[in-house]
Every structure is written in C-alpha cells, then in structure tokens.
Amino acid sequence: MAQQSDLFKKLIAHSKEYGFIFQSSEVYDGLSAVYDYGPYGVELKNNIKEYWWRSMVQMHDNIVGVDAAIFMHPKTWKASGHVDAFNDPLIDNKDSKKRYRADVLIEEHMDKLEAKIQKEVDKAAKRFGEKFDEAVFRSTNERVLRYQEEHGRIRERLAQAMTAGDLAELKQIIEDLEIADPESGSRNWTEVRQFNLMFSTQLGNIAGEDGKLYLRPETAQGIFVNFLNVQKTTRQKIPFGIAQIGKAFRNEITARQFIFRMREFEQMEMQFFIRPGEQKKWYEYWKEARMKWHRALGTPQEKLRFHDHDNLAHYADAAVDIQFDFPFGFKELEGIHSRTDFDLGNHQELSGKKIQYFDPELEESYVPYVVETSIGCDRMFLALMSHALVEEEVPGSPGNTRELLKLHPALAPIKCAILPLKRNEERLVDMAKGIFNDLRFSFQVQYDDTGSIGKLYRRQDAIGTPFCVTVDFESLDDNTVTLRDRDSLAQERVPIAKLEEIIRKRVDMKQLLV
Ligand code: ATP
C-alpha cells in the first residue's frame, strides 16, 4: 500500500515536471479537482481520443459521431432524471468541517478489509512458497473468512441503502462501523443528505428558474436528443451507434485522487441503439469489445477486471464497470450500461414528440433500447500513465537507473526525437534539423540539442518518446543515423531515406485497431 502511494506521488510530480498536467489556476493556488493539460499531456490525451474515435467510428460501419453543445434545454435534465436523481449522499464532519460522500467512506472501510485479506494472503504465500494454493487458503483460513464475511455484510447493507435511497441507514452504517474522518479522526458526523451533482448557470435574457441552465453532467443526452436527426440523415438501421467525445461537469463532493475524480472532465461515450429485448446480447458484446480495446494497448489482464454494479443508476437495468488497478487500488475506468428505453422514452414523453424507429424487418415502430459504453478520457490518461511510469535499471548498465514512460508508441506524445551528437558542430546540427523538418510532416517529432546526448535520451525516456535518432559524424559520410529504441535501448544503423517508413510502421495506430 505504502509503495503504491509513493508511486502515485511520483506520478503526480512527474506529470507536472514534464509538462503533462498542471493544477488549474496554479498562480492562485489552484482550483480543487480542476486540471490543465500541458504540452505533452494534450498530445497524449488527443492520441487516446483518436484511438477511441477510430476504433468506434472509423472501424464500425454502423457507428457515427456527433459533437453536441454542452448547454442543453433544461427539460433535458428533467427527462433524463438528473434533476431528481443525480445525487450523492453527503455527510459533513462537524469538527473538521470536511465534507464526504457517505458511500465512499463506507467503501473505503471495505477497501481496508480487502487490504487486510491481501496482507494475510501475501504473508501465507511467503511462508509456504511454491506449495501455496491461494484459492484453498482464501476458502479455509479463519481470519480471511471472517474479513470476507464482514466485507460481504457491509457490501449488502450499503447496496440496499443506496438502492432504497435510505440516508438514515447510511448514517447508521457509518456509526456501526465507527468510521472516523480520515483527516481528523473525529466521529462527530452530521446527518446524511442528498446533494445534486449538477452545476447550474443562468441564461442572460431570462430571469429566475426558467432561465436556469445546467452544464451537462454526461455527454450521452446530446446523443439521445439527436437520435432522430442522426438516424434520418445517415439512414442507419438498428442496431447502430452514435459516438461522442466531450466535456462533462460534476460538482463532486470528494474530489481527491488527482485526475481520477474531477469537476470538469472529458467523456468518450457511445450509445448503441437496439431492438427492445436484445439488450442482453449487446451488453455482453460491448463488455467484451471494450475489454479488448484496453488489452490491445498491452495492459496486462491482471490490471483490469469487470465489476458488476451492486446498486444500479436510475436509468440502468444492468451495469458493469471495467476497473483498473490504479495506484490506489481497483477503481472504475469505464462503465457499460444497459439503459433500456429510459432516456428516449422520457424525452418522447416530456417533449411531446415521437422519438421512434420504424423497423422495416419487423414492420413496426418502437422506442429503441440502448446499451452504452462510457469512459472518462482523463481516467484513461491516469490509467495509462500509472502503468507506464517505471523506474528501471538501465539495460546493460548495472546500478544505473532511469525513469521511463513506457507508453504504447501509437499513443506516445512525441514519436521521435532528432538529436545531433554535438550541438556546436554546425554540419551535424544542419543535418539533424533537415531530418526534423522532413519528419515533422508525418509525425509529432522533436529536435533537441540543449544538452549532452545522455541527458537528452533521459529526457525523452521520461516523456515516453519511443525512438531517438542520433546524427553523428558517420552520418555525414554515409547518410545513415542511429535509431535508438526506448525500451530495449537497441541501436540500429538506418539510412535517413528509410527513417519515415521504419518509424511509421512502429507507431502506426493501425496495429491497435485489430
Ligand atoms: P464514479 O462511481 O467513480 O463516480 P460514475 O459511475 O458516476 O463514476 P459514470 O456516470 O458511469 O461514472 O461515468 C462514466 C465514466 O466517466 C466513468 O467510468 C469515468 O471514467 C468517467 N467519470 C465519471 N465521473 C468522473 C469524474 N468526476 N472525473 C473524471 N472522470 C469521471
């Protein structure tokens, strides 16, 4: 655990030091849970979005995109249920004046139980060595069974309270478990009350409630209200999907953990419209497809898992999270939700306009059902960074370590750095700049001559550049350069004329889109 939190601190510091992520409005000491992406951050984020967009829209004949406005008619949020039901249970600590999500406090208590179980498992694994059978140990060890039983009991109570919206019960759980304020240790809690997560603002020309607008808390509604526009203009037949990438805003109560939980963030959502009754099939389909998307990046399976929802959101009849093993444990990275006809049906009712699809095969009209895939771009960014950032011994140089961002080459912010061996050797500089000016038409490349070659390599390793090209005296004679591989440190001599082709093959996003 301690090791993990060190990794997390390192990741936050690294993100700032190398221009990936800055705290918003830092000169004013920052704005909590709002972040800005720096020069390398924006490149990586754009690449994540491109990977998602291409695999969704470009690779599917039956998925098209939209880019809807952030502001929507206020009735949208009534129909979607967000005005009445998009709440989190809030609890204040009377002594510290800190505010928490009651369910998160309870979940964190459950995380501690899981950590205790893991500690027992690790201890036993060490003791028994190769003979250790984890499954048998988990199902027979008394202490582990006790923790598991307690965990199960709390989980069930929490799920029931959340589903029923029973705020008094949530408070009771916190009291029964003697949960204290993580910062001050105080157990002096207020009652639990509901807190709506939507930010609101006001239209200029209409006073009062009528002019109240919300900043969208999810991008999905911009897709639903455009369902007919898109279906008619693209002549798509069900099943088909609409994809969108865009900002969403939530007034989160506990907004810690860096870019994991932000108040302004970006979502990549796809709503897949289907025949009523076919939701189970498509739900399973998208579950698998989305897991495959994550795995294509080389993320090991043990870092990813499915987690079924205990308490469903107001719009869903089935929901599963793809969780990632973040430095602070397994948490939601993406949600796959079977949303039934909840949204389109409600928009139809509240707008008074027919929102239906005529199915030529069935020869009938219906309100389509929906299976949604919804992933936070920022959480994906955090997942990638936390997996990619490693400190390792330099291959072939015992005792020497380097900081390395092992991002997939197709997502790396800079694909190749062009470095002259000596910065005060005009001929090398000219040649290196020539190569740089050539390659920049094809990729995001960087020219750098601001330090010794060793220093320049280390800097490129730290920002995840998969390739470095070094121009040396031999290059002047035979028009070849050294191409250095970030991970293996292998160096190969390649003709300058072949550089573009070689790099293209290795950084091409195509390899991810299988
Ligand atoms: P959580 O339980 O963590 O609050 P959620 O279940 O409310 O998340 P969804 O409404 O399913 O999240 O949103 C879909 C995706 O949007 C999430 O899987 C996550 O990646 C992302 N997301 C949601 N809230 C935030 C946030 N505050 N900051 C960053 N990303 C977010």
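The values are calculated or read from the model by the stated rules, or taken from the named source; none is laboratory data. Every value quoted in this text rests on a predicted model; they were computed, and no experiment measured them. Here Cβ is always computed from backbone atoms with ideal geometry, including for glycine, and neighbour counts include all displayed protein chains.
Report yes if some residue within region 368-382 is within 14 Å of the ligand (Cβ to nearest atom) and over 21 Å from Gln271 (Cβ atoms); otherwise report no. Taking every residue of region 368-382 in turn, at least one turns out to be within 14 Å of the ligand (Cβ to nearest atom) and over 21 Å from Gln271 (Cβ atoms). Does Asp36 qualify as being surrounded by fewer than 20 Cβ atoms within 10 Å (Cβ to Cβ), modelled with pLDDT of 95 or more and not basic (Lys, Arg)? For Asp36, the condition - surrounded by fewer than 20 Cβ atoms within 10 Å (Cβ to Cβ), modelled with pLDDT of 95 or more and not basic (Lys, Arg) - is met. Of the strands (runs of 3 or more DSSP E) lying entirely inside region 340-437, those carrying at least 3 residues that are crowded, with 19+ Cβ neighbours inside 10 Å are 369-376, 416-420. Do we have Ile238 as more than 16 Å from the ligand (Cβ to nearest atom), under 28 Å from Lys354 (Cβ atoms), buried (at least 19 other Cβ atoms within 10 Å of the Cβ) and more than 18 Å from the chain's Cα centre (by Cα) here? For Ile238, the condition - more than 16 Å from the ligand (Cβ to nearest atom), under 28 Å from Lys354 (Cβ atoms), buried (at least 19 other Cβ atoms within 10 Å of the Cβ) and more than 18 Å from the chain's Cα centre (by Cα) - is met. For region 147-154, check the following and say yes or no: at least one residue is surrounded by 15 or more Cβ atoms within 10 Å (Cβ to Cβ), over 27 Å from Lys98 (Cβ atoms) and β-branched (Val, Ile, Thr). There is no residue in region 147-154 that is surrounded by 15 or more Cβ atoms within 10 Å (Cβ to Cβ), over 27 Å from Lys98 (Cβ atoms) and β-branched (Val, Ile, Thr).
Residues that are away from the ligand (no atom under 11 Å from the Cβ) and part of a loop (DSSP other than H, G, I, E, B) were ranked within region 315-327; the one that is surrounded by the most Cβ atoms within 10 Å (Cβ to Cβ) is Pro327.
Residues that are surrounded by 14 or more Cβ atoms within 10 Å (Cβ to Cβ), modelled with pLDDT under 95, part of a strand (DSSP E or B) and of a type in the set (A, V, I, L, M) are absent from region 296-305 altogether. Considering region 262-285 alone, what residues qualify as being surrounded by 20 or more Cβ atoms within 10 Å (Cβ to Cβ) and either under 30 Å from Val104 (Cβ atoms) or within 16 Å of the ligand (Cβ to nearest atom) (or both)? Listed by number, the residues that qualify are Met262, Phe265, Glu266, Gln267, Met268, Glu269, Met270, Gln271, Phe272, Gln279, Tyr283.
Every condition in (1) assigned to a helix (DSSP H, G or I); (2) over 19 Å from Phe381 (Cβ atoms) holds for His60 except the one numbered (1). Here region 301-313 is the region considered, the condition is being more than 11 Å from the ligand (Cβ to nearest atom) and either closer than 23 Å to Phe342 by Cβ or not polar (S, T, N, Q) (or both), and the residue that is farthest from the chain's Cα centre (by Cα) is Asp310.
Check Glu349, Glu363, Glu332 and return the single one that is within 16 Å of the ligand (Cβ to nearest atom), out of contact with any Leu (no Cβ under 9 Å at 6 or more places or on another chain) and modelled with pLDDT of 95 or more. Write out each step before concluding.
Details: Glu349 fails: within 16 Å of the ligand (Cβ to nearest atom); Glu363 fails: within 16 Å of the ligand (Cβ to nearest atom).
When all the criteria are applied, what remains is Glu332.
Residue-by-condition table, conditions (1) within 17 Å of Ala412 (Cβ to Cβ); (2) touching a helix residue (DSSP H, G or I) at 6+ places or on another chain (Cβ under 7 Å):
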residue	(1), (2)
Ala13	no, no
Tyr18	yes, yes
Gln23	no, no
Val27	no, no
Ser32	no, no
Asp36	no, no
Val42	yes, no
Met56	no, no
